[in-house]
Structures are given as structure tokens and as C-alpha cells.
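Structure first, commentary second.
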Amino acid sequence: MTTRKHLIAGNWKMNGTQASTTEFFNSLNPADFCTQSADYLICPPATCLHTAQDAISGQKLPIATGSQTMDYHESGAYTGELSTDMILETGATHAIIGHSERRQYYNETDDTVSQKVEAAINAGLIPIACVGETLDERDAGQADTIVTTQTQHALSRVPKGTCPSKLVIAYEPVWAIGTGKTCDSAEANRVCGVIRATVARLLGDDVANGVRILYGGSVKPGNAAELFGLPDIDGGLIGGASLKATDYTDIAKATAGLTQTACSV
Ligand code: PGA
């Protein structure tokens, strides 16, 4: 039992067209998404954000949308980038920041992550700041140090009085992303606890107790309930399994009964 509401966030990465986005949402049933047990979010490619919004409204689904990255500049000569205003204009409410694929392939650094988290919060966009160690780092016994350092950087420009609902952190061990290897649930919960303790040191206990910390890395219908049932895991950031409407629905249903509010699903 936790007082934090779970967040079931889908990260479609570079998958999906406007047609497949519409098809995905049209095949979801609003009755499967209990808003008392969780909040729901899909982060499609930027070109599908408007399409997703239209389909969500048409289907009356309680699902928010988010972008997969953003720039921290307000506007200007930054070819290919998306500003917070551009993202907000689509109706999106969240932005994934510092995903390991952005860190690995697009030179996202701890410093740009911290600038983006600050810009997102200032603009009223909820950042989902991603942290996580590689397999080499884990094998070298550095997992806790890496996630702590990444969390410290991600939060370094977040003001102390920030409302915890304005921020989400995702623990995504790099070796578990897209590999089918899920982090052992007790270990994922332990590392999320390390992150929460870091939030407490930086921003205080109230923020640490209220902030949602997600687990990401090969979450699927078969392991979602076990992961989400643990005290420091407040939902998931789901890649591959969020592309399939049936899998996303089953993962959403795995949150039923996990919060203090009763839910009929
Ligand atoms: P996965 O991706 O669920 O496909 O492992 C998770 C993520 O990268 O956010």
C-alpha cells in the first residue's frame, strides 16, 4: 500500500505513425484504465503527439501524453529540437529527459539533463528524469553511486519547495532496457529507495515521500504487478510492451488495488 498513485508511462521511442497511433488508442477501452489506481501516459514520437491527443479525446481515455525529449532553450537556432512551448501546445504534459538512449546516442549529459529538468518545471511540463547504470558499472559494484550521481545532477537546479507532483524520476538500468532482462524486483525496489533517499537529502522528506519513482527495463504484463506492488516503485516507464494495446492495457490493470483508494477494475 502506498499513498503515491502509480504512473504507467509508455515510451514508444522511434516507433509509430499517425495511422498506427490512432489505431492504438481506438483499440483501448476506457473502462480498463482506472483513474483511482493510476495515472496513464503515452510518449509517442513528436509527430504523433497531436494525433494521440485527438484519438484520446475521441475515445474519452484518461491518458496523458508526453514527449520523449526536449530542449532547454526557449526558442532559436537549434535545428531539430523541441521547446517546452511546442510540446505544451500539443496538449502534452510530460517530457522524458535523459533517457539512456539519448545519453548514449545523442550526447545527453548530466549537465543538459539538469538544464532540461529545470526548464521543464519552469514551463509547467513534468520531467521524467531517467537514471540508471550500465552492466559494466553494475558488475563493478557502482550501481548505487551512478544512480545517486545522476539523480543529484538531474535535481541540481530543482528548487527546494517544488511540489513533488511536478517531477517524476525513472530508474532504468541500461542493461535491462529492450533486452528482456528485467532487474530483480527486490533489487529494483532497493535502487528506487536509494534514489528516494537522494531526493530526501537534496529536496527534503516531503518531496521524497511524494515524488513518483518509476522502474523501467523490460516491464511486461507478466512482471508488472510484482514490480508495482513494491513500496518504492511507483509505476513503470515501458518501452516495447507499450507499443501493443493489449500489453499496455494488461500492465495498466496490474495497478488495480495497489493504492489506498478503492478501485472497481
Ligand atoms: P523496454 O524499454 O521496456 O523496451 O525495456 C524501457 C525504456 O527504455 O524506457
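Sort the following peptides by mean Cβ neighbour count (other Cβ atoms within 10 Å, averaged over residues), highest first: 220-229, 16-25. Don't jump to the answer; show the numbers that get you there.
On the way: 220-229: 19.3, 16-25: 17.1.
Those peptides, ordered most packed to least, come out 220-229, 16-25.
Are there trypsin sites (Lys or Arg not before Pro) in the stretch 1-78 that DSSP puts in a loop and that have at most 13 other Cβ atoms within 10 Å, and which ones?
Working: sites: Arg4, Lys5, Lys13, Lys60; in loops: Arg4, Lys5, Lys13, Lys60.
Hits after loop and neighbour filter: Lys60.
What does the helix-only formula give at 222 nm for the chain: each DSSP H stretch with n ≥ 4 adding -39500 (n - 2.57), the total divided by the residues, and the result rounded to the nearest 500 deg cm²/dmol? Walk me through the numbers before you get to the answer.
On the way: 11 runs with 105 residues, N = 265.
Value at 222 nm, helices only, nearest 500: -11500 deg cm²/dmol.
Straight-line reach from Lys253: which lysines have a Cα under 30 Å away, not including same-chain ones fewer than 8 places off?
Excluding near neighbours in sequence, the set is Lys5, Lys13, Lys60, Lys166, Lys181, Lys220, Lys244.
Based on the Kirkwood radius over alpha-carbon pairs, what value in µm²/s does the Stokes-Einstein equation return for the translational diffusion coefficient of the stretch 2-262 at 37 °C and 0.692 mPa s? Kindly include the intermediate steps, with their values, before the conclusion.
Values: Rh = 18.1 Å.
Estimated diffusion coefficient is 182 µm²/s.
Where the only charges are on Cβ atoms (+1 Lys, Arg; -1 Asp, Glu), what is the dipole of the stretch 79-146 about its Cα centre, to the nearest 20 debye? Show your work: numbers first, answer last.
Values: 4 positive and 13 negative charges, 39 e Å.
Rounded to the nearest 20 debye, it is 180 debye.
Using a 1.4 Å probe, what is the accessible area per residue for the chain, in Å²? Don't skip to the answer; put the middle values down first.
Values: 11270 Å² over 265 residues.
That works out to 43 Å² per residue.
Could you give the dipole magnitude of the chain about its Cα centre, charging the beta-carbon of Lys and Arg +1 and that of Asp and Glu -1, in debye to the nearest 20? Before the final figure, lay out the partial values.
Values: 19 positive and 29 negative charges, 99 e Å.
I would put it at about 480 debye.
Cut-off 10 angstrom, C-alpha nodes, Gaussian network model of the chain. Which of Ser218, Ser156, Ser67 fluctuates the most?
Ser156
Quick one: with all protein chains in place, what share of the accessible area of the chain is carbon or sulfur, to the nearest percent (1.4 Å probe)?
Carbon-and-sulfur percentage of accessible area, whole number: 50.
Given contacts defined as C-alpha pairs under 8 Å and at least six residues apart, what's the relative contact order of the stretch 2-262, whole-number percent? Before the final figure, lay out the partial values.
On the way: 555 pairs, mean separation 59.2, N = 261.
So the answer I get is 23 percent.
Cut-off under 15 Å on the C-alpha distance; same-chain residues fewer than 8 positions from Lys160 excluded. Which aspartates and glutamates are left, in chain and number order?
Within the straight-line limit of under 15 Å, Lys160 reaches these aspartates and glutamates: Glu118, Asp205, Asp206.
Please find, in a Gaussian network model of the chain (springs between Cα atoms separated by less than 10 Å), the residue of Cys34, Cys192, Cys163 whose mean-square fluctuation is greatest.
Answer for the Gaussian network model of the chain: Cys163.
May I ask which residue of Val147, Thr69, Ala241 lies farthest towards the positive end of the charge dipole of the stretch 2-262, with charges of +1 (Lys, Arg) and -1 (Asp, Glu) on Cβ and the Cα centre as origin?
Farthest towards the positive pole: Ala241.
The values are calculated or read from the model by the stated rules, or taken from the named source; none is laboratory data. Treat the numbers as computed from the prediction; the structure is a model and nothing was measured. Cβ coordinates were reconstructed from backbone atoms using ideal geometry, including for glycine residues, and neighbour counts include every protein chain displayed. Heavy atoms of the whole protein, side chains included, go into the accessibility calculation; ligands, DNA and RNA do not. Shrake-Rupley method; radii C 1.70, N 1.55, O 1.52, S 1.80 Å.
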